[in-house]
Amino acid sequence: MSRVSAPVPVGARSRHRAHLVAAMLPERVDGYHEPWFDDGAALLAMLAAHPSVSAVVASRDEDALAPWEAVRLDAAGFVRELRFHADRHRPPYLAAVRAEAERSDEQDLVRRGARAAYLRAAATGDSVSVDDAGVRGLGRLLRDSDVTFATSAPFELLPAVRDDDVVLIDPAVGTDAVDDRALRSLVNALTARGAAVVAPPPRGRDGWPGLAVLDGGDPAEPVWGNGALRRLRKDSARNL
């Protein structure tokens with residue numbers, strides 16, 4: 001399998017949390033939903049562990065999805081556009097691109113995705129790197145996989161969730177944070193539909209409402225889940 005890289009920066013901590021979750025899933029996962037799509041670490045871990053999974057990842061922020069959609073559409077074009085920005089990366093140029101993004105509704109998906117990726121990378125450091133081979137590998141992976149990118153709010157995923165689908169609960173900490181009451185309501189609704197709900201070690205909170213710590217993981221960094229997930233994991237263990 002060719003090397004695969006996300007089109008936006010992914011920190012070591014994010015990758016670690018994604019692999020903690022992937023290790024606690026049942027042997028077979030047919031459907032996967034991610035209502036708070038961010039840097040894609042969880043999606044890449046899921047596709048590595050379950051290549052045939054049918055995945056739906058969603059965000060209310062179109063620019064969070066645009067780099068991934070652009071890479072699937074035209075990885076070479078995305079790399080070319082991102083390198084254009086990276087070669088010109090200086091504070092005045094960055095300010096100009098930010099201003100353009102605020103006033104312009106770019107219709108070209110590849111250009112919009114590269115611009116969003118550039119702005120995200122620029123926010124994390126003084127340089128912007130372009131992983132040509134890794135991004136091209138991602139493009140091939142996405143074209144060969146069943147992944148849907150949806151601009152929607154978390155509750156809007158409910159009609160698409162099937163019995164035993166895995167749903168990752170990991171809302172952002174900060175401006176897009178979700179209060180416990182809303183989060184518990186979503187977990188309860190997903191559980192009522194028969195979904196296996198999973199959540200990584202909490203950040204900035206004591207635990208996940210409606211979920212419990214799963215057995216068998218790292219006690220220092222516990223992964224959380226609901227009863228449906230525990231049942232699927234037990235069924236997988238019996239079938240080994």
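Any read-out appearing in this document is the output of simple, stated calculations on the displayed coordinates, not a laboratory observation. It should be emphasised that the depicted structure is a prediction, and the values quoted were computed from it without experimental measurement. Glycine also receives a Cβ, built like all others from the backbone with ideal geometry; neighbour counts cover every protein chain displayed.
Listed values, structure above:
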{"read-out": "ASP180/THR124 FRET efficiency (R0 30 Å; Cβ-Cβ; nearest 0.05)", "value": "0.55"}
{"read-out": "Full-extension gain in nm, ALA153 to PHE84, via 0.36 nm per residue minus C-alpha separation", "value": "21.6 nm"}
{"read-out": "Highest-first arrangement of 200-210, 157-167, 114-124, where packing means the average Cβ count within 10 Å", "value": "114-124, 157-167, 200-210"}
{"read-out": "Distant-in-sequence amide H partners of ARG88 (H built 1.01 Å from N, under 5 Å)", "value": "none"}
{"read-out": "Sequence-distant residues sharing a close amide H with ILE169 (under 5 Å, placed H)", "value": "VAL198, ALA199"}
{"read-out": "Gain in span if fully extended, ARG15 to ALA192, counting 0.36 nm per residue against the direct Cα distance", "value": "60.7 nm"}
{"read-out": "Relative contact order computed over region 69-138 (Cα-Cα under 8 Å; 6+ residues apart), in percent", "value": "52 percent"}
{"read-out": "Helical contribution to [θ] at 222 nm, DSSP H n ≥ 4, -39,500 (n - 2.57), averaged over the chain, rounded to 500", "value": "-15000 deg cm²/dmol"}
{"read-out": "Region 66-217, relative contact order [Cα under 8 Å, separation at least 6], %", "value": "23 percent"}
{"read-out": "Cβ-based net charge around PRO91, under 14 Å, with every Lys or Arg adding one and every Asp or Glu removing one", "value": "+2"}
{"read-out": "For GLY31, distant residues with modelled amide H under 5 Å away", "value": "SER54, VAL166"}
{"read-out": "Gain on full stretching of the segment that runs from LEU73 to ALA99 - 0.36 nm per residue minus C-alpha separation", "value": "6.8 nm"}
{"read-out": "Per-residue HN-Hα couplings for region 193-210 [Karplus 6.51, -1.76, 1.60; θ = phi - 60°; Hz; x = Gly/Pro]", "value": "8, x, 6, 8, 9, 10, 9, x, x, x, 10, x, 8, 6, x, 10, x, x"}
{"read-out": "Phi to ³J(HN,Hα) by Karplus 6.51 cos²θ - 1.76 cosθ + 1.60 over region 13-25, Hz, x for Gly, Pro", "value": "5, 5, 5, 4, 5, 5, 6, 4, 5, 4, 6, 9, 8"}
